[in-house]
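Reading through the structure tokens given below for one structure.
Read-outs: derived from the displayed coordinates by stated rules, not from any lab. Keep in mind the model is a prediction, meaning the values are calculated, not measured. Cβ: placed from backbone, ideal geometry, glycine included. Neighbour counts: every protein chain shown.
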Amino acid sequence: MSLHLDIVTPDAHVYQGEVESATFPGSLGTFQVLIDHAPIISALTKGTLVYVNADGTHSLEIDGGVVEVLKNNITVLAESIA
């Protein structure tokens, strides 16, 4: 079983694929999502979104947005990617 991550901005579909983990700049601090994470919807602030997949560790600078985690699917609606 794995995590599926979708990162979307108003302008583009930035990433879609399987990840081992993802770390987000939450409004109350940084948090990480691993497999079988509890369902959550959280506001994101400006900061670094980091995800780990088979190709290694990747990071994106976002200007805020929202993340939803449900049944090992992570959907990020980012305002923009710097």
| Taking Rh as the Kirkwood radius computed over C-alpha pairs, what is the Stokes-Einstein D of the stretch 3-78 at 4 °C in a medium of viscosity 1.567 mPa s, expressed in µm² per second? | 107 µm²/s
| query | Cβ under 12 Å from Leu3's Cβ, Leu3 left aside: what net charge do those residues give with Lys, Arg +1 and Asp, Glu -1? | reply | -3
| query | Once amide H atoms are built 1.01 Å from N in the peptide plane, which residues 5 or more positions from Asn72, or in another chain, come under 5 Å H to H? | reply | Asp36, His37
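Within 12 Å, Cβ to Cβ, of Leu44, how many net charges do the neighbouring residues add up to if Lys/Arg are +1 and Asp/Glu are -1?
Neighbourhood net charge equals -3.
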| field | 3J(HN,Hα) from dihedral phi, the stretch 35-40, Karplus parametrisation 6.51/-1.76/1.60, rounded to Hz, x for glycine, proline | value | 4, 6, 5, 5, x, 7
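Quick one: putting +1 on the C-beta of Lys and Arg, -1 on the C-beta of Asp and Glu, what dipole do you get for the chain around its Cα centre, in Debye to the nearest 20?
Numbers: 2 positive and 10 negative charges, 38 e Å.
Once rounded to the nearest 20, the dipole reads 180 debye.
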| Looking at the chain, what % of its DSSP beta bridges pair antiparallel, to the nearest 5? | 90 percent
| So, counting K/R as plus one and D/E as minus one, what does the shell of residues with Cβ under 13 Å around Asp55 add up to? | -2
